[in-house]
Amino acid sequence: FVPLVMVVLVAVAVFVAARPSLGTAVGRRPSGLRTTVVVLTAAAVIGFYDGILGPGTGTFLILVFAAMLGSEFVESAAMAKVLNFGSNLGALVFFAVGGHVWWTLGAAMAVCNVAGAVLGSRMALRRGARFVRVVLLVVVVAMVVRLGVQQFG
């Protein structure tokens, strides 16, 4: 699956780079029904992907919210964090029931994740959607490189 994920991430980077206005200005808001359909479909498809593989889940959510709901990247990132949290919480419960959680490591990671989220949120709010766009592109490229090194040595 890794080569497929790499191709999808490259497509995401090209899509975002080719549409400079994507995620930088709030577009026309879709109807409540369309919003519900987009969110439920994205949650199901991306949630399934997250359960199988995982890398890039937040990026895919941000892209869906920006492209299909007309949200700015800052708002899209906030919504993606909420869905990512739900997915991670579900995974934690699933693995905890089976006794497969290393609690000390998980607690340390949770503290660092919260610290990073606070720092990232403050930077995103201070610097705006264009900053989030650049960070999104840098992260996608870094993920493609990391996955490529892991896959192909």
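Ala77 - would you say it is open to solvent by less than 70 Å² (accessible area, probe 1.4 Å), of a type in the set (Gly, Ala, Ser) and without any contact (Cβ under 8 Å) to a residue 24 or more places away in the chain?
When the stated conditions are applied, Ala77 does not pass them.
Could you tell me which of the residues Gly86, Gly90, Gly120, Gly106 is over 23 Å from Ala42 (Cβ atoms), open to solvent by less than 60 Å² (accessible area, probe 1.4 Å) and part of a helix (DSSP H, G or I)? Please lay out each step first, then the result.
Details: Gly86 fails: over 23 Å from Ala42 (Cβ atoms); Gly90 fails: over 23 Å from Ala42 (Cβ atoms); Gly120 fails: over 23 Å from Ala42 (Cβ atoms).
None of the other options fit; the residue is Gly106.
Here is a list: Ser21, Ser71, Ser76. Which entry is outside any helix (DSSP H, G or I) and either closer than 20 Å to Gly120 by Cβ or in contact with a Cys (Cβ under 8 Å, 6 or more places away or on another chain) (or both)?
Result: Ser71 is the single residue among Ser21, Ser71, Ser76 that is outside any helix (DSSP H, G or I) and either closer than 20 Å to Gly120 by Cβ or in contact with a Cys (Cβ under 8 Å, 6 or more places away or on another chain) (or both).
Can you find a residue that is assigned to a helix (DSSP H, G or I), under 15 Å from the mean Cα position of the chain (by Cα) and in contact (Cβ under 8 Å) with a residue 60 or more places away in the chain anywhere in segment 53-60?
Checked against the condition, which is being assigned to a helix (DSSP H, G or I), under 15 Å from the mean Cα position of the chain (by Cα) and in contact (Cβ under 8 Å) with a residue 60 or more places away in the chain, segment 53-60 yields at least one hit.
From the list Val37, Val26, exactly one residue is of a type in the set (Val, Ile, Thr) and at pLDDT below 85. Which is it?
Val26
Can you name the residue in segment 31-47 that is under 14 Å from the mean Cα position of the chain (by Cα) and open to solvent by less than 60 Å² (accessible area, probe 1.4 Å) and, of all such residues, is farthest from Leu9 (Cα to Cα)?
Restricting to residues being under 14 Å from the mean Cα position of the chain (by Cα) and open to solvent by less than 60 Å² (accessible area, probe 1.4 Å), the top hit is Val39.
Is at least one residue of segment 77-87 touching a helix residue (DSSP H, G or I) at 6+ places or on another chain (Cβ under 7 Å) and farther than 26 Å from Arg130 by Cα?
Yes, segment 77-87 contains a residue that is touching a helix residue (DSSP H, G or I) at 6+ places or on another chain (Cβ under 7 Å) and farther than 26 Å from Arg130 by Cα.
Of all residues in segment 123-153, which are open to solvent by 100 Å² or more (accessible area, probe 1.4 Å) and either out of contact with any Ser or Thr (no Cβ under 9 Å at 6 or more places or on another chain) or modelled with pLDDT of 95 or more (or both)?
Leu125, Arg126, Arg127, Arg146, Gln150, Phe152 - these are the residues of segment 123-153 that are open to solvent by 100 Å² or more (accessible area, probe 1.4 Å) and either out of contact with any Ser or Thr (no Cβ under 9 Å at 6 or more places or on another chain) or modelled with pLDDT of 95 or more (or both).
Go through the residues of segment 50-57 one by one and say whether even a single one is open to solvent by 40 Å² or more (accessible area, probe 1.4 Å) and of a type in the set (A, V, I, L, M).
For segment 50-57, residues open to solvent by 40 Å² or more (accessible area, probe 1.4 Å) and of a type in the set (A, V, I, L, M): present.
Quick check on Ser71: is it under 15 Å from the mean Cα position of the chain (by Cα), under 21 Å from Leu137 (Cβ atoms) and surrounded by 12 or more Cβ atoms within 10 Å (Cβ to Cβ)? Spell out the reasoning first.
Values: under 15 Å from the mean Cα position of the chain (by Cα): yes; under 21 Å from Leu137 (Cβ atoms): yes; surrounded by 12 or more Cβ atoms within 10 Å (Cβ to Cβ): yes.
Considered against the rule, which asks whether it is under 15 Å from the mean Cα position of the chain (by Cα), under 21 Å from Leu137 (Cβ atoms) and surrounded by 12 or more Cβ atoms within 10 Å (Cβ to Cβ), Ser71 comes out as yes.
I need a count of the residues in segment 1-10 that are β-branched (Val, Ile, Thr) and farther than 23 Å from Val134 by Cα. Give the steps one after another, and end with the answer.
Taking segment 1-10 first, the residues β-branched (Val, Ile, Thr) are 2, 5, 7-8, 10.
Subset that is farther than 23 Å from Val134 by Cα: 2.
Of the residues in segment 1-10, 1 are β-branched (Val, Ile, Thr) and farther than 23 Å from Val134 by Cα.
Of the residues Arg130, Arg126, only one is assigned to a helix (DSSP H, G or I), touching a residue at least 24 places away in the same chain (Cβ under 8 Å) and among the basic types (Lys, Arg); which?
Testing whether each residue is assigned to a helix (DSSP H, G or I), touching a residue at least 24 places away in the same chain (Cβ under 8 Å) and among the basic types (Lys, Arg) leaves just Arg130.
Here is a yes/no grid of residues against (1) closer than 23 Å to Gly128 by Cβ; (2) without any contact (Cβ under 8 Å) to a residue 24 or more places away in the chain; (3) touching a strand residue (DSSP E or B) at 6+ places or on another chain (Cβ under 6 Å):
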residue: Val12; (1), (2), (3): yes, no, no
residue: Ala17; (1), (2), (3): yes, no, no
residue: Arg29; (1), (2), (3): yes, no, no
residue: Thr36; (1), (2), (3): no, yes, no
residue: Val45; (1), (2), (3): no, yes, no
residue: Asp50; (1), (2), (3): no, no, no
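The values are calculated or read from the model by the stated rules, or taken from the named source; none is laboratory data. What you are looking at is a predicted structure, and each value in this text was computed from that prediction instead of being measured. Positions of Cβ are generated from backbone atoms using ideal geometry, with glycine treated the same way; all protein chains shown enter the neighbour counts. Remember, those area values only see protein heavy atoms, side chains included, never the ligands or the DNA or RNA. Shrake-Rupley method; radii C 1.70, N 1.55, O 1.52, S 1.80 Å.
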